[in-house]
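Q: After the structure tokens below, expect a handful of questions from me.
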Amino acid sequence: MSTFFLSQCLAALAFAAGLAAYQGRTRRQILGRWSLAAGLNAAHFALLGVPGATTLAAITSARFLVASCVADRRVMLVFLVVATAGFLLTYTHPFGFLALGATLLGTWASFQPRAGTVRVAFAVCASLWFVHNLLAGSPVAALMEVAFLASNALGWWRARPAEPAPVD
């Protein structure tokens, strides 16, 4: 099996985990499931030889796991610094700045108390990752981000409060 094929298989597994994440109703469910998806994405980028995205996805996996249990803004600052340092140490391509932007926004979003805020920010993150993944040459990961946008919208729709019936 080729390294590229294996990378795309890992991206497909991350795809499934990410779709499931957006169907969570609570912030904790969304972030916990995203930890798995980000870990799989890190392995995928490692096999593609994109060290910046590998580092950012691995940090993101840890961040999601921590943020699902802790909402302390000081922890958020630590992850912002670690992500930036990790990116700078592994920088190889200008399109990596898209990944950094998505990671920093996702870090901020992960520590927000409202699931709605998390969802909106993650929609922007998915858009940035989509462009990054196209430029990195990963068709499955690019398609994954489009599906994440759709799954996020569906999850938002399912989790919204029921509207009261009109009064006559």
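The values are calculated or read from the model by the stated rules, or taken from the named source; none is laboratory data. Everything numeric here is computed off the predicted structure, so don't read it as measured data. A quick note on method: Cβ atoms are made from the backbone with ideal geometry, for glycine too, and the neighbour counts reach across all protein chains shown. Heads up: the accessible areas ignore ligands, DNA and RNA and are worked out on the full protein's heavy atoms, side chains in. Shrake-Rupley method; radii C 1.70, N 1.55, O 1.52, S 1.80 Å.
Q: Lys/Arg Cβ at +1, Asp/Glu Cβ at -1, dipole of the range 1-141 taken about the Cα centre: which of V81, L98, V50 is farthest positive-ward?
A: Highest projection toward the positive end goes to V81.
Q: Determine ³J(HN,Hα), in whole Hz, for all residues of the range 36-42 in sequence, where each value follows from phi through the Karplus function 6.51 cos²θ - 1.76 cosθ + 1.60 and θ = phi - 60°; x replaces Gly and Pro.
A: Karplus-based 3J(HN,Hα) across the range 36-42 equals 5, 4, 5, x, 5, 5, 4 Hz.
Q: Here's another thing I want to ask about it. Treating each Cα of the chain as an identical point scatterer and ignoring solvent, apply the Debye formula and state log10 I(q)/I(0) at q = 0.15, 0.20 Å⁻¹.
A: Treating every Cα as an identical point scatterer, log10 I(q)/I(0) equals -0.74, -1.30.
Q: Also, quick follow-up: Which length gain, in nm to one decimal place, applies between R114 and R160 when the Cα-Cα distance is subtracted from 0.36 nm times their residue separation? Intermediate results must be reported in sequence, preceding the final value.
A: Working: separation 46, 0.36 × 46 = 16.56 nm, distance 1.22 nm.
Extra length available between R114 and R160 comes to 15.3 nm.
Q: For the range 70-155, give the percent of accessible area contributed by carbon and sulfur heavy atoms, probe 1.4 Å, rounded to a whole number. Mind dumping the intermediate values first?
A: Working: 3120 of 3940 Å².
Looking at the range 70-155 in its full context, I get 79 percent from C and S.
Q: Moving on. Can you give the accessible area of S61 in Å² (nearest 10), computed on protein heavy atoms with a 1.4 Å probe?
A: It works out to around 20 Å².
Q: What do you get for the angle between helix 96-110 and the principal long axis of the chain? Use alpha-carbon atoms, 0 to 90 degrees, nearest ten.
A: For 96-110 against the chain, the angle is about 30 degrees.
Q: Considering only protein heavy atoms, with the full assembly of protein chains and a 1.4 angstrom probe, order W157, W129 by accessible area, largest first.
A: Values: W157 130, W129 35 Å².
Ranked from most to least accessible, the order is W157, W129.
Q: As a test question: what accessible area, to the nearest 10 Å², does T3 have when a 1.4 Å probe is rolled over all protein chains in place?
A: About 80 Å², ignoring ligands and nucleic acids.
Q: With every protein chain present, what is the per residue accessible area of the chain (1.4 Å probe, Å²)?
A: On the way: 8240 Å² over 168 residues.
Averaged over the residues of the chain, the accessible area is 49 Å².
Q: Which angle from 0 to 90°, rounded to the nearest 10, does the C-alpha axis of helix 73-90 make with the longest principal axis of the chain?
A: Value to nearest ten degrees: 30.
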